[in-house]
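Where a number appears in this text, it was derived from the coordinates with a stated rule and is not lab data. It should be emphasised that the depicted structure is a prediction, and the values quoted were computed from it without experimental measurement. Note: ideal-geometry Cβ built from the backbone for every residue, glycine included; neighbour counts use all protein chains shown.
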Amino acid sequence: MTENCPTSDVAKRVQQFVPTGPAAELWDAEGPAITAIVEALAPTTAKQAGDLMSALCGFAVFTNATGSQRPLGERLTPAHIERYVAGLSTEGASRTIRSLLRSLGREANPAAGWRTETQQLGKSTNTRPYTELEIARHLRAARSIRTTAVGHTYLWCLVGGVALGADAQALKQITPNQMELGSDATWVHLPGRPIPLPVTGVWAIELHALAEDVEPDQPILGPASRINNAISKIKPASGDKFQVQRCRATWIVALINAGTPLPLLLSAAGLTTPGSLDTYYRQATPPQASPSALVDAASMLPFGKHS
């Protein structure tokens with residue numbers, strides 16, 4: 001999202017959006033603000049643009065019904081969003097729409113206290129990255145039982161989660177056919193990711209060892225039912241429950257700490273909105289850019305270069 005000018009498909013999706021139900025009745029009054037707020041966020045795909053438009057329409061209807069007279073952008077606050085999503089029918093829809101609206105709110109109303117807002121997701125230990133020492137302990141424990149089904153699954157979850165940011169669903173699907181050996185890394189095409197991901201170092205060695213005796217078109221993990229059964233039997237020496245999501249969190253936080261540009265980070269992680277990364281950014285320590293970076297950015301503005 002480095003430009004304020006969306007692609008033609010994205011722009012068409014925003015400009016030709018057709019509201020339905022109660023949103024249609026408010027469109028004359030709220031439509032221009034909804035469109036402007038979504039365009040300011042500069043969504044990168046037509047689907048993302050449509051999801052943002054739909055989420056903001058629902059929010060506009062809700063806040064109008066409460067009698068708020070403030071401009072729509074000012075209504076996008078953590079408190080208003082939480083009240084809105086609390087009334088949604090399913091937990092999954094609540095999480096998705098909360099993420100979309102928080103992304104819009106950060107853009108439209110940056111002074112609304114987003115950094116101090118604690119989301120339920122952020123309280124969960126499964127988004128806390130593993131430390132290097134914890135990873136070393138898990139790797140040692142998994143290697144000690146690698147010839148067993150539990151050991152194979154344990155190692156695969158570590159490799160796929162820590163080195164690829166794969167979730168449990170992706171771990172069940174990856175096959176040797178999706179691996180490609182390059183000069184600097186082994187590249188893996190994960191299901192649902194628009195770009196291949198590199199695996200290097202010890203993780204690349206373990207990846208090839210795990211895939212060595214697996215048929216090219218068969219899942220490296222083995223039977224899909226194996227993962228949950230095996231994870232339940234993993235007993236790390238530390239006594240902590242092993243969590244695949246914490247492996248993925250380790251990978252995401254590492255990319256943030258490396259200064260990975262946001263659009264590339266979202267693509268690599270298989271995410272669509274910046275708000276999806278909120279809980280990970282709170283646990284990261286990204287590099288601080290020098291003031292000269294602001295000069296570089298200023299020079300990219302129209303007429304920003306010295307003549």
Self-check item: Hypothetical label at Ala254: residues of segment 178-200 whose amide nitrogen lies under 12 Å (7 Å Cα-Cβ projection)
Solution: 198-200
Self-check item: At R0 = 41 Å, FRET efficiency that the Cβ-Cβ distance of Val214 and Leu88 yields, to 0.05
Solution: 0.45
Quiz item: Given a Förster radius of 41 Å and the C-beta distance between Ser144 and Leu181 as r, what FRET efficiency does 1/(1 + (r/R0)^6) yield to the nearest 0.05?
Solution: 0.90
Exercise. Pull up all non-local amide H partners of Leu190: gap of 5 or more, or a different chain, and H-to-H distance under 5 Å with H placed in the peptide plane.
Key: Leu197
Self-check item: ³J(HN,Hα) computed for each position of segment 20-27 - Karplus, 6.51 cos²θ - 1.76 cosθ + 1.60, integer Hz, glycine/proline x
Solution: 10, x, x, 4, 5, 5, 9, 4
Quiz item: How many nm is it between the label spots at Gln245 and Ala136, if each spot is 7 Å from the Cα in line with the beta carbon?
Solution: 2.8 nm
Quiz prompt | Part-to-part distance (alpha-carbon centres) for segment 39-111 and segment 122-194, which is given in Å | solution = 34 Å
Quiz prompt | Anisotropy class of segment 132-281 from Cα gyration tensor, a/c 1.5 cut | solution = oblate
Quiz item: For Gln69 and Thr20, what is the calculated FRET efficiency with R₀ set at 25 Å and r taken between the beta-carbons, to the nearest 0.05?
Solution: 0.50
Self-check item: Set of aspartates and glutamates with alpha-carbon distance to Lys12 below 19 Å, sequence-local pairs under 8 removed
Solution: Glu3, Asp28, Glu30, Glu39, Asp51
Self-check item: Linear extension gain, Lys47 paired with Ala284, 0.36 nm per residue minus alpha-carbon span
Solution: 82.5 nm
Quiz item: Can you give the extra length, in nm with one decimal, that the chain gains between Arg95 and Lys12 once fully stretched, where that is 0.36 nm per residue apart less the Cα-Cα distance?
Solution: 27.2 nm
Quiz item: Expressed in nm to one decimal, what extension gain is obtained for the pair Val202 and Ala40 from 0.36 nm per residue of sequence separation less their Cα-Cα distance?
Solution: 54.1 nm
